[in-house]
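Below is one structure, written out as structure tokens, with a few remarks after it.
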Amino acid sequence: MLRALLALVCLVLLGGARDPILVPEVSQHEVQVRQGFTGTELLLYGAILDPQGTRAGRDYDIVVVLKGPTQSITLREKQRYAGIWVNAASARFRSAPSFYAVASSRPLDRIVDPRTAAIYELGLPFLQLSPIGSFQTEEQIRFAAGLVQLMTNQKLYQEDPTGVTVNEQVLYQARIKLPSNVQTGTYTAETFAVTRGAVVASAIARVEVKKRGFERLVAEFAQHSAFLYGLLAVAVSVAMGWIAGRLLTPG
């Protein structure tokens with residue numbers, strides 16, 4: 001990190017840059033999910049300088065987005081018929097992020113306009129979920145809002161309008177919590193520098209979330225031998241039921 005900052009200063013002083021320069025970093029580049037994993041907190045930090053080599057924190061807003069691997073999600077709407085809750089309409093989304101968190105130095109609607117927010121997916125209302133099939137606009141909006149609310153309740157979607165702090169008008173940092181139910185894979189931590197409503201610089205760091213120990217062995221077995229894994233799961237369930245029955249049966 002120190003070498004990167006020194007290289008940054010030299011580049012700026014030599015006049016080789018016209019746009020602001022971001023040097024992002026993450027406190028952990030690998031998160032290990034083991035038995036009893038209760039979540040963790042990532043520190044996303046870095047520096048920003050303007051082309052003249054002066055401190056830029058006063059002139060630029062900072063937005064940090066941490067996004068997990070995309071996945072296909074089917075959302076089903078429940079309706080009540082004759083006192084029974086049943087599946088009604090459904091919608092499928094092709095590329096919903098498994099995790100999404102955005103933190104900014106000010107509320108996003110004071111930093112960018114809706115068009116810019118939609119281009120860079122800055123904020124929960126502007127996620128590009130890519131619905132599959134043809135839907136009426138109202139129905140698509142309803143299902144998208146339902147998906148966002150569902151993921152928010154599980155702490156997999158987060159938004160913090162004052163989560164980025166800028167120190168000494170050059171260094172920024174944000175803290176984002178990963179819950180225990182995060183999906184494994186490659187996460188991208190992207191930092192945006194914004195001035196007068198326009199994104200003028202961006203930089204990406206990556207975080208790997210991996211299963212370790214027994215959880216990794218189970219996940220690999222389920223992925224590569226799905227049929228055997230299913231048979232084993234059924235056998236274990238039957239055995240546990242039989243054992244419970246024997247223990248509860250009187251003398």
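Yes or no: GLU208 open to solvent by 80 Å² or more (accessible area, probe 1.4 Å), among the acidic types (Asp, Glu) and modelled with pLDDT of 60 or more? Judged against the criteria, GLU208 is not a match. One residue is enough: does region 141-151 have a residue meeting the conditions among the hydrophobic types (A, V, I, L, M, F, W, C), buried (at least 20 other Cβ atoms within 10 Å of the Cβ) and touching a Phe, Trp or Tyr at 6+ places or on another chain (Cβ under 6 Å)? Scanning region 141-151 turns up at least one residue that is among the hydrophobic types (A, V, I, L, M, F, W, C), buried (at least 20 other Cβ atoms within 10 Å of the Cβ) and touching a Phe, Trp or Tyr at 6+ places or on another chain (Cβ under 6 Å).
The values are calculated or read from the model by the stated rules, or taken from the named source; none is laboratory data. Quick caveat: nothing in here was measured; it's all calculated off a predicted structure. So basically every Cβ, Gly included, is an ideal-geometry build from the backbone, and we count neighbours across all protein chains shown. What goes into the accessible areas is simple: the full protein's heavy atoms, side chains included, and nothing from ligands, DNA or RNA. Shrake-Rupley method; radii C 1.70, N 1.55, O 1.52, S 1.80 Å.
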